[in-house]
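What follows is a single structure, written as structure tokens, with notes after it.
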Amino acid sequence: MQNLKWVLMNLLFISSLFHNLVHSSSQVICSSQDRASLLSFKSSIIKDTTDVTSSWVGQDCCNGDWVGVQCNPATGKVTTLVILISVRDPTLYMKGTLSPSLGNLRSLTTLQISGAKFITGSIPNSFSYLTRLTNLVFEDNSLQGNLPSGLGQLPLLETLSLSGNRFSGLVPASLGSLRSLEIMSLARNSLSGPIPVTFKNLVKLQNLDLSSNMLSGPVPDFIGQFKNLTSFDLSNNRFSGGLPVSVYNLGQLQTMSLEGNGLTGPLSDRISNLKSLTSLQLSGNKFIGHIPEAITRLQSLWCLNLSRNQFSDPLPVVVGRGFPSLLSIDLSYNNLNLGAAIPSWIRDKQLTEINLAGCKLRGGLPKLTRTQELISIDLSNNFLTGDVSAFIKNMTSLQRLKLSKNQLRFDLSKVKLPEGLSSIDLSSNLVTGSLSSLINNKTSSFLEEIHLTNNQITGRIPEFGESLNLKVLNIGSNKISGQIPNSIANLVELVRLDISRNHITGAIPQGLGQLAQLNWLDLSINALTGRIPDSLLNIKTMRHVSFRANRLCGLIPQGRPFNIFPAAAYLHNLCLCGKPLPPCRKIMK
């Protein structure tokens with residue numbers, strides 16, 4: 001929701017920028033002081049592949065030619081500086097620092113520099129002089145150091161987002177002085193310590209995101225005073241203690257994420273007071289007790305994730321209009337013992353996502369009655385048996401199927417996968433048959449991940465067509481024989497390949513070196529012969545390899561990273577040599 005708000009805000013900025021420039025460019029003459037401040041910032045950027053600052057030429061910064069700059073038509077003072085760079089395009093970036101001169105743009109109301117990637121250094125103290133700012137946004141750059149306490153001197157600030165940088169240290173108590181603040185995001189940094197008690201003054205907050213830091217201590221009780229709060233995210237920190245009762249007073253709250261902390265205690269029946277709640281994410285904590293029946297009365301709740309806690313049986317009984325909007329449920333890895341029966345409110349509801357991993361399900365695969373809209377299902381790490389073909393027969397929208405670590409016994413050749421399936425995980429079962437029924441000239445281009453490790457699959461590795469978009473192929477610990485086909489070179493999107501612990505013979509194909517995205521390669525414990533091809537040196541992304549326990553011989557490719565991987569990656573072969581193993585012996589003529 002926050003990302004959507006930013007998108008809308010940015011569209012409004014750009015639209016306003018275009019409108020004002022078109023109608024006032026002939027009247028406005030840029031302030032010489034402001035122009036000098038902008039040019040000082042430009043000089044602090046040592047490389048700009050976006051060409052934004054290259055447009056900053058000429059005497060008038062308000063004439064519409066200076067990309068990202070907007071002025072007051074009456075005064076010629078700069079009011080808006082917005083530089084947005086797509087984080088999805090690695091070729092676009094700015095490299096440099098934030099010039100203190102930007103603090104001289106005293107008429108600025110909006111300052112946003114996001115996605116610059118290589119803008120480093122700290123936020124200059126001079127920014128405390130930008131007292132007319134209502135929006136300060138530095139997202140997805142590489143800014144570092146402590147957050148300056150001077151940011152608390154910006155009385156009109158409504159939006160403060162510094163997410164996706166490298167800030168560290170404590171959160172300044174001075175930020176509690178920003179009484180006009182409606183949106184605060186300090187997410188994805190390395191901030192530590194508690195939430196300052198001064199934050200109790202931020203009563204206008206609508207969106208608070210402190211996720212993915214190292215913040216600690218209790219969740220403050222004063223959070224319950226933020227009556228306008230609609231989004232609250234403290235996920236992936238180190239918070240502890242119980243959930244304050246005051247949180248249940250947030251009647252406007254729509255999304256709450258506290259996952260990945262150390263929170264304890266039970267959930268209160270007062271959770272039904274959160275009448276606007278649409279998404280509740282509490283996974284990865286230490287919550288205990290029963291899941292309260294009151295949670296089923298949340299009429300707008302569509303996403304419920306309580307996984308990886310210590311909730312215990314029984315599950316709440318859902319009657320009447322309970323959970324009317326629910327689409328996604330995750331109860332995985334709690335102290336639940338569902339046995340042979342999934343509750344009817346899960347089994348009979350039209351859901352898009354069902355995650356019940358590690359819930360001690362037993363017997364045949366459950367019969368779900370409304371599966372046409374199901375996108376993802378995870379029933380892994382249970383004690384399930386049964387026919388996978390019948391189970392997925394009507395799951396026409398399925399994209400992710402995870403049934404690993406069960407006791408499923410079936411022939412892979414008899415399984416017909418849904419057309420849009422992108423990920424299938426049947427690892428650690430008793431699956432038989434060959435891969436050719438899964439990988440052939442009819443395999444969907446949507447299929448990206450295949451996990452079949454630790455089964456009883458036989459036959460050969462099939463040929464790979466050019467239309468395949470596989471990113472992960474994990475088929476280790478089976479009974480697969482034959483050679484690695486040369487057509488492996490067609491898997492240009494492949495990131496991870498594990499064919500270890502099989503009966504693979506023959507040479508490692510040269511074409512493996514064409515897989516430029518590969519970062520994990522495990523060919524260990526097979527019967528491969530010949531050399532490790534030097535073509536693998538073309539793969540610059542490799543992070544892990546293992547050629548252990550084959551019949552390989554000859555010089556290990558002498559280039560990074562292959563010559564610096566641990567020696568264990570090459571041990572128990574016939575005669576591999578060269579770094580990191582001992583040098584090769586000279587051949588005597």
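The values are calculated or read from the model by the stated rules, or taken from the named source; none is laboratory data. Given the structure is predicted, the values throughout are model-derived calculations rather than measurements. Neighbour counts are summed over all protein chains in view; Cβ atoms, including those assigned to glycine, are modelled from backbone coordinates with ideal geometry. All accessible areas refer to the heavy atoms of the entire protein, side chains included, with ligands and DNA or RNA removed. Shrake-Rupley method; radii C 1.70, N 1.55, O 1.52, S 1.80 Å.
What residue, of PHE226, PHE199, PHE222, is crowded, with 22+ Cβ neighbours inside 10 Å, free of Cβ contacts under 8 Å to residues at least 60 places away in the same chain and touching a Pro at 6+ places or on another chain (Cβ under 9 Å)?
Answer to the selection: PHE199.
Every residue, every condition in (1) out of contact with any Cys (no Cβ under 9 Å at 6 or more places or on another chain); (2) crowded, with 21+ Cβ neighbours inside 10 Å; (3) on the phi < 0 side of the Ramachandran plot; (4) without any contact (Cβ under 8 Å) to a residue 24 or more places away in the chain, yes or no:
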| position | (1), (2), (3), (4) |
| --- | --- |
| SER177 | yes, no, yes, no |
| LEU181 | yes, yes, yes, no |
| ALA187 | yes, yes, yes, no |
| GLY193 | yes, no, no, no |
| ASN207 | yes, yes, yes, no |
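May I ask you to verify whether GLY511 is on the phi > 0 side of the Ramachandran plot and open to solvent by less than 20 Å² (accessible area, probe 1.4 Å)?
No; evaluated as a whole, the condition is false for this residue.
When you scan the stretch 229-251, how many residues do you find that are within 22 Å of ASN201 (Cα to Cα), surrounded by fewer than 17 Cβ atoms within 10 Å (Cβ to Cβ) and either in contact with a strand residue (DSSP E or B) (Cβ under 6 Å, 6 or more places away or on another chain) or touching a residue at least 40 places away in the same chain (Cβ under 8 Å) (or both)?
So the answer is 0.
Please go through the stretch 493-521 and give me each residue that is assigned to a strand (DSSP E or B) and among the hydroxyl-bearing types (Ser, Thr, Tyr), ordered by number.
THR505
Would you check which residues across the stretch 262-279 are assigned to a strand (DSSP E or B) and open to solvent by less than 40 Å² (accessible area, probe 1.4 Å) and list them?
GLY262, LEU263, GLY265, SER279
Looking only at the stretch 464-484, which residues are over 18 Å from ARG496 (Cβ atoms), open to solvent by 40 Å² or more (accessible area, probe 1.4 Å) and either modelled with pLDDT under 95 or among the polar types (S, T, N, Q) (or both)?
Hits for the stretch 464-484 are GLU466, SER467, SER481, GLN483.
Return a yes/no flag: does the stretch 290-300 have any residue that is over 28 Å from LEU243 (Cβ atoms) and free of Cβ contacts under 8 Å to residues at least 60 places away in the same chain.
No, the stretch 290-300 has no match at all.
For the stretch 375-428, which residues satisfy the criterion of being buried (at least 22 other Cβ atoms within 10 Å of the Cβ) and in a helix (DSSP H, G or I)?
VAL388, PHE391, ILE392
Here are some conditions: (1) within 27 Å of ARG238 (Cβ to Cβ); (2) surrounded by fewer than 20 Cβ atoms within 10 Å (Cβ to Cβ); (3) within 27 Å of the chain's Cα centre (by Cα). SER332 meets all but one. Which one does it not meet?
Of everything listed in (1) within 27 Å of ARG238 (Cβ to Cβ); (2) surrounded by fewer than 20 Cβ atoms within 10 Å (Cβ to Cβ); (3) within 27 Å of the chain's Cα centre (by Cα), SER332 misses just condition (2).
In the stretch 290-314, which residues are within 16 Å of TYR333 (Cβ to Cβ) and open to solvent by 20 Å² or more (accessible area, probe 1.4 Å)?
ASN305, ARG308, GLN310, SER312, ASP313, listed by residue number.
Given (1) within 27 Å of the chain's Cα centre (by Cα); (2) assigned to a loop (DSSP other than H, G, I, E, B), identify the lone condition not met by GLY251.
The number of the failed condition is (1).
Please go through (1) part of a loop (DSSP other than H, G, I, E, B); (2) surrounded by fewer than 19 Cβ atoms within 10 Å (Cβ to Cβ); (3) among the β-branched types (Val, Ile, Thr) for THR453 and return the number of the only condition it doesn't satisfy.
Every listed condition holds for THR453 apart from (2).
Of all residues in the stretch 441-479, how many are of a type in the set (S, T, N, Q) and within 22 Å of THR505 (Cβ to Cβ)?
8
Could we say that ALA516 is out of contact with any helix residue (DSSP H, G or I) (no Cβ under 8 Å at 6 or more places or on another chain), surrounded by fewer than 20 Cβ atoms within 10 Å (Cβ to Cβ), aliphatic (A, V, I, L, M) and over 20 Å from ASN455 (Cβ atoms) here?
No.
Please find, within the stretch 280-289, the residue that is nearest to PHE239 (Cα to Cα) out of those that are open to solvent by less than 20 Å² (accessible area, probe 1.4 Å) and part of a strand (DSSP E or B).
PHE287
Answer yes or no as to whether GLU448 is of a type in the set (Asp, Glu) and surrounded by fewer than 18 Cβ atoms within 10 Å (Cβ to Cβ).
For GLU448, the condition - of a type in the set (Asp, Glu) and surrounded by fewer than 18 Cβ atoms within 10 Å (Cβ to Cβ) - is not met.
Residues to consider are ALA568, ALA549; find the one that is open to solvent by 20 Å² or more (accessible area, probe 1.4 Å) and assigned to a helix (DSSP H, G or I).
When all the criteria are applied, what remains is ALA568.
May I ask you to list the residues in the stretch 124-170 that are among the basic types (Lys, Arg) and either outside the structural domain of ILE45 (by the TED database) or under 14 Å from LEU186 (Cα atoms) (or both)?
If the condition is that a residue be among the basic types (Lys, Arg) and either outside the structural domain of ILE45 (by the TED database) or under 14 Å from LEU186 (Cα atoms) (or both), then ARG166 is the only one that fits.
Evaluate the stretch 78-101: report whether one residue or more is more than 23 Å from ASP140 (Cα to Cα), of a type outside the set (A, V, I, L, M) and surrounded by 15 or more Cβ atoms within 10 Å (Cβ to Cβ).
no
Within the stretch 128-146, how many residues turn out to be open to solvent by less than 10 Å² (accessible area, probe 1.4 Å) and farther than 18 Å from MET94 by Cβ?
2
Is it fair to say LYS95 is within 22 Å of SER168 (Cβ to Cβ) and touching a residue at least 24 places away in the same chain (Cβ under 8 Å)?
Taking the combined requirement at face value, the residue satisfies it.
Among (1) touching a strand residue (DSSP E or B) at 6+ places or on another chain (Cβ under 8 Å); (2) open to solvent by 20 Å² or more (accessible area, probe 1.4 Å), which single condition is LYS367 missing?
Going through (1) touching a strand residue (DSSP E or B) at 6+ places or on another chain (Cβ under 8 Å); (2) open to solvent by 20 Å² or more (accessible area, probe 1.4 Å) one by one, LYS367 breaks only (1).
Yes/no per residue for (1) part of a strand (DSSP E or B); (2) at pLDDT 95 or above; (3) touching a Phe, Trp or Tyr at 6+ places or on another chain (Cβ under 9 Å):
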{"residue": "LEU175", "(1), (2), (3)": "no, yes, yes"}
{"residue": "ALA187", "(1), (2), (3)": "no, yes, no"}
{"residue": "SER192", "(1), (2), (3)": "yes, yes, no"}
{"residue": "ILE195", "(1), (2), (3)": "no, yes, yes"}
{"residue": "LYS200", "(1), (2), (3)": "no, yes, yes"}
{"residue": "LEU205", "(1), (2), (3)": "no, yes, yes"}
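Could you pull out every one of the strands (runs of 3 or more DSSP E) wholly within the stretch 59-169 that has 2 or more residues that are touching a Gly at 6+ places or on another chain (Cβ under 7 Å)?
In the stretch 59-169, 78-84 are the strands (runs of 3 or more DSSP E) which contain 2 or more residues that are touching a Gly at 6+ places or on another chain (Cβ under 7 Å).
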